[in-house]
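The values are calculated or read from the model by the stated rules, or taken from the named source; none is laboratory data. All values reported here derive from a predicted model rather than from experimental measurement. Cβ atoms come from the backbone with ideal geometry, glycine included; neighbour counts cover every protein chain shown.
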Amino acid sequence: MLDDLKLQISGLRAAMAALEPDGEKREELSSRALAHAAAYLDEVPDAPTNRPWAEVFSRRLDPEFAEEGRDAAEVFDYVAACVDRPGFATTSPRFMAYIPGGGLFHSALGDFLAAVSNKYSGFASASPGAVRLENATTQWLANVIGYPAEAAGTLTSGGSIANLTAVVAARDAKDPEGGGAVYATRFAHHCVDKALHISGRGKSPRRMIATDERYRMSVEALEEALEQDQAAGIRPWLVIASAGTVDTGAVDPLDNIASLCRRYGAWFHVDGAYGGLFALCDDGRRLLSGIDRADSVALDPHKTLFLPYGTGAVLVRDGRHLLEAFSASAEYIRPLGDSEVGPSPADLSPELTRHFRALRLWLPLQIAGLSAFRAAQAEKLALARYFHARLKEIDRFDPGPTPDLSVVAFRYRPTSGDPDDFNERLLRHVQEEGRVMLSGTRIDGRYTLRCAILSFRTHIEDVDEAVAALLRGAARLEG
Ligand SMILES: *Cc1c(COP(=O)(O)O)cnc(C)c1O
């Protein structure tokens, strides 16, 4: 009986050997992966920003999931042809659509190291070094926005979960029974609606606060709404301001909003997923004045610190609120306790087991140095002003308001026909051409084009190319 079992086990062990490549095989696989990455990066400067979907099916793996392993070269080739190429090239210097980021190479190496050591970053007791990096990194982010030492935060998968986490902390702190009112402008990101819905506050009284001529929250309108609710016996719960809206990059007047929130006892949350981290550079910090007075802030290092997708951050000014909302008493873990490295990420977020995210942020900050990040951000702000100034010189463009941050929302004024339709077609022309990627939005019904300059790879010649692509497209459509 025992012998049979031993025989069976040794057979299984032989059959699973492919899961543990030996030194030579590891060398072969990793040099293949590195060569693949290098070839990809060599193409980045000139590759189109938009490639056809048909490329997804330019090759097939047949059967898609085979019992026997394939030759690694074949698998990597498949990824290059059918995954890396089709669709948007978010790594391109000419990708200026939505909110870009670029994807730092150092972060890819950080992910590799995090996956190899597989450190358990949920609890300090399991990996004090990993949790120390998580905490050092969130404390650094807290410093960047000017938060005090008692702030706490955690790295999330992105801005949506960061906003959700903040809304849950705000709910537990200020709206445990429900019924409190929520205030935001029509430019609040739709993930805020999701966050309210998931946190059981989707039916809270909502006040849509008017904006000024530059699409920033009107302080007067907010005060009026707060006053009216208070007079009607409705408790102001949560004010959600934007530090950089997705549509136009507008920064709400954070300082004045903070004062109103104090006066009316509301929780002040800032969605800074796009713009909050511009606080790292001098120009940005001035624009974001008052962000340090928010009760909570959502950030997205995968945008404004150029990381590959998969890293947001939430910070809560009084860290106890985050701990109170998310520290669960998992008895089998708790006795191990926390250590002097600080709170465990699992006590500050809905996640338990998680990706060791800090390394992909910490590594580039260490290796490239902070000044490179500050310069890159300042360059993006200047490039947005440059793009705006260039459009201003061209007769038929309405360049819109001077950008607060690095998004320019603009329109082309066609000689005839419906301008909304024309702008939509102009965007499609530029996108299909594939040289420069821009995006569009509707602002109060008007179709508006957007140029969002945020990739660390985007430099002045790329912005000039964007102007050239628009002029080419407009000339073609004007016939
Ligand atoms: C990107 C963004 C979000 C959503 O963040 P994800 O990382 O995409 O989940 C929320 N708010 C703003 C202002 C954003 O720019």
Pairs where the first residue, in segment 263-278, is in the same structural domain as residue 172 (by the TED database) and near the ligand (Cβ under 10 Å from one of its atoms) and the second is of a type in the set (D, E, K, R) and assigned to a helix (DSSP H, G or I), C-beta under 8 Å, 6+ apart: 273/303; 274/303
Per-region count, segment 80-102, residues over 17 Å from the mean Cα position of the chain (by Cα), surrounded by fewer than 19 Cβ atoms within 10 Å (Cβ to Cβ) and not in a loop (DSSP other than H, G, I, E, B): 5
Extreme residue, surrounded by the most Cβ atoms within 10 Å (Cβ to Cβ), among residues of segment 461-479 that are of a type in the set (Gly, Ala, Ser) and at pLDDT 95 or above: 466
Subset of segment 192-243 [out of contact with any Leu (no Cβ under 8 Å at 6 or more places or on another chain) and of a type in the set (Gly, Ala, Ser)]: 200, 210, 218, 221, 225, 231, 232, 233, 242
Answer residue from segment 144-181, given it is assigned to a loop (DSSP other than H, G, I, E, B) and under 18 Å from residue 354 (Cα atoms) and is nearest to the ligand (Cβ to nearest atom) among those: 158
Identity of the residue in segment 430-450, assigned to a loop (DSSP other than H, G, I, E, B) and in contact (Cβ under 8 Å) with a residue 60 or more places away in the chain, that ends up surrounded by the most Cβ atoms within 10 Å (Cβ to Cβ): 436
Among the candidates 177, 224, 220, residue that is of a type in the set (Asp, Glu) and within 20 Å of residue 291 (Cα to Cα): 220
Top-ranked residue in segment 290-330 [being among the charged types (D, E, K, R) and within 23 Å of residue 261 (Cβ to Cβ); ranked as nearest to the ligand (Cβ to nearest atom)]: 300
